[in-house]
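Throughout, read-outs are computed from the coordinates displayed, never taken from laboratory work. Note that this is a predicted model, so its numbers are computed, not measured. All Cβ positions, even for glycine, are placed from backbone atoms using ideal geometry, and neighbour counts span all protein chains on display.
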Amino acid sequence: MKHLLIHAHGNTPELLAAALRSARNTNVALGPDADIHVVAQGPLVRLLIGGSPLSADIAETLENANIHLQACENSMNGAGVTTTELLQRVSTVPSAVAYLAERQWDGWAYISI
């Protein structure tokens, strides 16, 4: 199994849209043996809730079972976002930095957007 982390951080919708597009394109290129995790950190977590301008893009991306989208709980706390507000199939990690580091120590490939 191939494992890829895509770290989406910043404050514009275009950054998260680029991360989602990269996940979909990479999934096609790597095939069904890929496990792709997009980790959103910082103000981007505000885009992972209902009514987001990226809701349709997020839903399309998460239709693929190989792609996972996670929100940083530290960032959510700072942005005032609760888990009940998150779109369907968006999960959380307590700390994006710790999650990314642990996966890299386990041999996952890492891309920052």
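Could you check the stretch 31-42 and list, in sequence order, the residues that are surrounded by 16 or more Cβ atoms within 10 Å (Cβ to Cβ) and either more than 21 Å from N77 (Cα to Cα) or out of contact with any Cys (no Cβ under 8 Å at 6 or more places or on another chain) (or both)? Result: A34, D35, I36, H37, V38. Can you name every residue in the stretch 56-87 that is hydroxyl-bearing (S, T, Y) and surrounded by 15 or more Cβ atoms within 10 Å (Cβ to Cβ)? Selection gives T61, S75.
Among the residues of the stretch 64-79, those that are under 13 Å from T92 (Cβ atoms) and assigned to a helix (DSSP H, G or I) comprise E73, N74, S75, M76, N77, A79.
Being of a type in the set (K, R) and in contact with a strand residue (DSSP E or B) (Cβ under 8 Å, 6 or more places away or on another chain) is true for just one of R46, R89. Which residue is that?
On the way: R46 fails: in contact with a strand residue (DSSP E or B) (Cβ under 8 Å, 6 or more places away or on another chain).
Selected residue: R89, the only one of R46, R89 that is of a type in the set (K, R) and in contact with a strand residue (DSSP E or B) (Cβ under 8 Å, 6 or more places away or on another chain).
Restricting V97, V45, V28 to residues that are loosely packed, with under 13 Cβ neighbours inside 10 Å, in a helix (DSSP H, G or I) and at negative phi narrows the list to V28.
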